[in-house]
Amino acid sequence: MNTGSDEPGEVAVAADEARTEEPETGREAERGLGSRAPEFIKSRRLLHLSWQVGVFVVGLAVVGAGIVMLPLPGPGWVVIFGGMAIWATEFVWAQLVLRWTKRKVTEAAQRALDPRVRRRNITLTAIGLVIIGVLVGIYLWKFGLVMPWKIKDQ
């Protein structure tokens, strides 16, 4: 790539060309931020604004459904992140939030695979189960198989 010239401008251009010719190294290629709307929509301001409003409303509905699913049965967080992905097709702020979230989830998954962390989590879970078992045993010994809301003063 270097033509033998020692001028910094040519080296920088050569480095930029080398960077664009590199194959993907397993990581997701960094996409540019911004709208992913088709070109004919982006070329018309009113149509693009309508497109953005539609994407925002659909994403808001999906995120809202995910929030409702958090306390109810259903994949709440998955649906919320799906709504964020819908928003990320059009809005830079959502793309940045989604990238940050993916990075944090990947880091957490790597930490969770650490043998010391797994051992600690298993130990804490076992201790918690023993404590719950002792409390249930004390309750059963004192009150029997009576539901807590049916216990009268004894």
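Read the figures in this text as sums done on the coordinates, not as results from a lab. Since the model is a prediction, treat every value here as computed from it, not as a measurement.
Would region 32-141 count as rounded, prolate or oblate if I go by the C-alpha gyration tensor, calling it rounded below 1.5 in a/c and otherwise prolate when a/b exceeds b/c, oblate otherwise?
oblate
Leaving out same-chain residues fewer than 8 places away, which lysines sit with a Cα under 17 Å from that of LYS142?
Hits, sequence-local ones excluded: LYS150, LYS152.
Pull out the extension gain between VAL78 and ASN121, defined as 0.36 nm times the separation in residues minus the alpha carbon to alpha carbon distance; nm, one decimal.
13.1 nm
Would you mind classifying region 90-154 by shape? Square roots of the alpha carbon gyration tensor eigenvalues, ordered a ≥ b ≥ c; an a/c under 1.5 is rounded, otherwise it is prolate if a/b is larger than b/c and oblate if not.
On the way: a/c = 8.32, a/b = 2.10, b/c = 3.95.
Since a/c reaches 1.5 but b/c is at least a/b, the shape of region 90-154 is classed as oblate.
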